[in-house]
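The structure appears right after this line, and notes come after that.
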Amino acid sequence: MSDRIRLAALALDSDSPPEAELLISAARDALTLGELVLGERLARGAMAMGAGFAAALPLAHSLAWQGRGTEAEAVLGPIDTSSLGEFDLLLWCLPRSANLFWMLGRPDEAASVMATVRARLTHPAAVNLLDALEAMFAVYAAQPAAATASIYEVIDSPVALPLAKAWAGASGALATAYLGRFDEVPSFAERGLAAAAESETGLLRFTIGLGQVYSLSMSGELDAAEELARHYVDFAEMQQPGRSLGGVLLGRVLFIKGSLAAAETEFRQAAAVLEGTGYSWAFLSAAFLCQSLAALGRAADAREELVRAERLFGANTEVFRSDLELTRAWVAAGESDTRRAIAHARAGAAAAAGSELLAQEAVCLYLATRFGDATTAPRLAELAERVPSALIRAAAAHARALADGDGAALDTIAGKVEEAGALLSAADAAAQAAAAHANAGNRRAELASSANAKRLADLCGATTPALAVVAKPLPLTEREREVASMVALGLSNKEIADRLVVSVRTVEGHIYRSCTKLNVADRAALADAVRVGSR
């Protein structure tokens, strides 16, 4: 296929250009392989020869996948569809609706186009195609459970075309992964990838990859998840946007494994490429970059990146609402506001639960636990029973040990989670173990757990609420430490009061007591003491 594409491209520049039909076929092949720029060039060559509708389709596909949604709509919107047959009508409807939904963020218009076309369909294979895209829309609109029945109907249909099966495989892999039905992901992935190889939807494979990598990560198979993510990166062969989509997959695994600097690199280059494209991946890259920055202790940079992530979130990314709340939680944690961090993690769990995204609900509750919420154990225990996930089982055990103040159990969990490769979570467990031992008066165990937490934190380069306590053994209460950390960030007393929903006088009292305990004279000296303690 690659040779045919290159030959067509070379012939296009020759004195004897090929026939339009050959260019259209080569453009379709290029799109199947994810070579979007070349696909656009070949399709434009065919358009210049007067190929019309047949060339407009691959041209619009290539433009949309490059994030040039307005240009794609300019190609598809003016086409007169009144005389088109069923399948030509669908071949026009599908890319236009997808472009309206994702790239242009106009889901109502996309639904209107599809409803108009559905009224003209009679052939089962044509209906399958429309059903597949509507199911994908439903998944991204945070209705994955309701969509799975339709997805199965399409992918199991004996008359469904490869394009329909590719859409169904991608939406099915993503939906079942976030729903926590991990045993269903491999089948969707296998069939979806096979179908994508036969259709002009080469980049759909990365959506399938998102479901696969998520499923493997949640199952505790982090090395396998990283290997698969690197496979997707290699598949892209440095071509954009495929390289960036693969980078998002790889960065997420690296983040879980605690390779925060490497994760930041992947997310940063992806965010730069994908912003302005309309891809839902643009939101994910910005959100995950924000989380990485916060975990690295770069609070101001994380706050700035959160603004971008919130701007990129919309109706076409609703399935990722819990990820938005997780991002807000990390930013709050980076700003030493653990109560707000826990509240956002809880909000993410509620959003996920509302869409039956059990795996994501557990992820959110686990982060709340790591940020100090000692009330998550009952629900995490329920989720561990319902979702076959090593990560969720570890989260449930972590939550129970935190609730019980069981330092030894937290030490055990830290060891198991580190062995699984999730160093960032292991660091938090070790830090919370140190605090539990301190509360129990077991100084020897406290020092051992603290040393382990610092070792893991150094490996990750991480700063989290739990690690901050270990790193700053100041003789302050939790609230005094929280206020002092905000003073060190440069917040005024009023700003601190607003964040903590207390009076300015209460903040002043905490600062006064902290200064007294640390034997420092004023706010500036308190800030210096906190900064020294964090080194």
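Counting other beta carbons within 10 Å of each residue's own, what order do Thr338, Thr81 fall into, fewest first?
Taking fewest neighbouring Cβ atoms as first place, the list is Thr81, Thr338.
Below 8 Å between Cα atoms, with a sequence gap of 6+, how large is the relative contact order for the range 474-535 in percent?
Reported relative contact order: 41 percent.
Return the Cα extents of the range 474-535 along principal axes one, two and three, sorted largest first, each rounded to a whole Å.
Projected onto the principal axes, the Cα atoms of the range 474-535 cover 28, 19, 19 Å.
For Ala315 and Ala374, what does the FRET efficiency come to when R0 = 45 Å and r is the distance between their Cβ atoms, rounded to the nearest 0.05?
Efficiency, rounded to the nearest 0.05: 0.80.
Determine the calculated [θ] at 222 nm for the chain from helices alone, applying -39500 (n - 2.57) to every DSSP H run no shorter than 4 residues and normalising by the residue count; nearest 500 deg cm²/dmol.
-24000 deg cm²/dmol
Ratio of the range 51-161's C-alpha Rg to 2.2 N^0.38 Å, to two decimals?
Here the Cα radius of gyration is 1.04 times the empirical estimate.
Within a 10 angstrom radius of the beta carbon, how do Leu380, Leu161 rank from fewest other beta carbons to most?
Result, fewest neighbours first: Leu161, Leu380.
Hey, what angle do you get for helix 144-156 against the long axis of the chain, alpha-carbon based, 0 to 90 degrees rounded to 10?
40 degrees
Round to the nearest 0.05 the FRET efficiency obtained for His123 and Glu190 when R0 = 41 Å and r is the Cβ-Cβ distance. It would help to have the intermediate numbers written out before the result.
Numbers: r = 27 Å, r/R0 = 0.65.
The pair His123/Glu190 has a calculated efficiency of 0.95.
Taking only Cα atoms, what is the 0 to 90° angle, nearest 10, from helix 260-274's long axis to the longest principal axis of the chain?
Tilt relative to the chain: about 40 degrees.
Multiply the residue separation of Val504 and Glu109 by 0.36 nm, subtract the distance between their alpha-carbon atoms, and state the gained length in nm to one decimal.
Extending this stretch completely gives an extra 137.3 nm.
Check cross-link reach from Lys416 to the aspartates and glutamates: straight Cα distance under 14 Å, and skip same-chain residues fewer than eight apart.
Glu221, Asp428
Using a 10 Å cut-off around each Cβ, can you sort Asp108, Asp337 from fewest to most neighbouring Cβ atoms?
Fewest-to-most Cβ neighbours within 10 Å comes out as Asp108, Asp337.
So what is the relative contact order of the chain, in percent, for Cα pairs below 8 Å that sit 6 or more residues apart? Before the final figure, lay out the partial values.
On the way: 942 pairs, mean separation 49.7, N = 535.
This gives 9 percent for the chain.
Which order do the peptides 519-527, 113-121 take when ranked by the mean count of other beta-carbon atoms within 10 Å per residue, highest first? Let's see the in-between values first.
Values: 519-527: 13.8, 113-121: 15.8.
My ranking of the peptides, most packed first, is 113-121, 519-527.
Using only Cα atoms and rounding to the nearest 10 degrees, what angle (0 to 90) does helix 423-439 make with the longest principal axis of the chain?
It works out to around 20 degrees.
Give me the one-decimal nm value for the distance between modelled label points at Phe87 and Lys517, 7 Å along each residue's Cα-to-Cβ direction.
7.4 nm
For Gly421, what charge total do you get from the other residues with a beta carbon under 13 Å from its beta carbon, if Lys and Arg give +1 and Asp and Glu give -1?
Net charge in that neighbourhood comes out at -4.
With the crude spin-label approximation of a point 7 Å out along Cα→Cβ, what separation in nm comes out for Glu382 versus Asp156?
Result: 2.9 nm between the two label points.
Per 20 Å bin from zero, what fraction in whole % of the C-alpha pairs of the chain is there, up to the bin with the longest pair?
P(r) for the chain, in whole percents per bin: 22, 48, 23, 7, 0.
Taking Lys494 as the anchor, which lysines have their alpha carbon closer than 24 Å to its alpha carbon, excluding any fewer than eight residues away along the same chain?
Cross-link targets: Lys517.
Since every read-out is calculated from the coordinates, none of them should be taken as a lab result. Bear in mind the structure is a predicted one, so any value in this text is a computation, not a measurement. No Cβ is skipped: glycine too gets one built from the backbone with ideal geometry, and neighbour counts run over all protein chains shown.
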